[in-house]
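As structure tokens, the structure follows; a few thoughts come after it.
Computed from the coordinates by the stated procedures, all read-outs in this text should not be read as laboratory data. What you are looking at is a predicted structure, and each value in this text was computed from that prediction instead of being measured. Ideal geometry is used to build each Cβ from the backbone, glycine not excepted, and the neighbour counts take in all protein chains shown.
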């Protein structure tokens, strides 16, 4: 499965984990999101956030702008990794949970996992399920 990775995305561990489970990175500049998979007429975009980046993007308003840009894409997700208790950014825990709930209530699809290995697996399953659900092509199969 080919996955386009934004050229500003620098997490080598995630890229290595992706390759181990059959996702092949193509590095390009993306207008929206950090990772994109497209099969047929189905496009899936994922915005990736470590727990600290999630917190910082709440504080500086980036998250709201990124989510707004993703609204145009039917299959768009925010994928957060890391434990809330491990964050280094000083922000009230209730603020993080409140933003998370607020995003869900607005229809934003959020997945939260513990680590980079889980990120790769979750990303692959999101891509596969969206493509299968919309009648796109599965890897190695003709439509």
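If you take the residues in the range 98-112 that are outside any loop (DSSP other than H, G, I, E, B) and touching a strand residue (DSSP E or B) at 6+ places or on another chain (Cβ under 9 Å), which one is surrounded by the fewest Cβ atoms within 10 Å (Cβ to Cβ)?
So the first thing to find is which residues in the range 98-112 are outside any loop (DSSP other than H, G, I, E, B), and the list is 98-105, 109-112.
Adding the requirement that they be touching a strand residue (DSSP E or B) at 6+ places or on another chain (Cβ under 9 Å) leaves 100, 103-104, 109-112.
Details: 100: 18, 103: 17, 104: 11, 109: 14, 110: 17, 111: 16, 112: 17.
That would be 104.
Whether a residue is more than 24 Å from residue 133 (Cβ to Cβ) and either in contact (Cβ under 8 Å) with a residue 40 or more places away in the chain or over 15 Å from the mean Cα position of the chain (by Cα) (or both) was assessed, and residue 85 passes this test.
Counting only residues that are in contact with a strand residue (DSSP E or B) (Cβ under 9 Å, 6 or more places away or on another chain) and free of Cβ contacts under 8 Å to residues at least 40 places away in the same chain, the range 45-55 holds 6 of them. Taking the range 10-40 as the range and being closer than 22 Å to residue 74 by Cβ, without any contact (Cβ under 8 Å) to a residue 60 or more places away in the chain and within 15 Å of the chain's Cα centre (by Cα) as the test, the residues that pass are 30, 31, 32, 33, 34, 36, 38.
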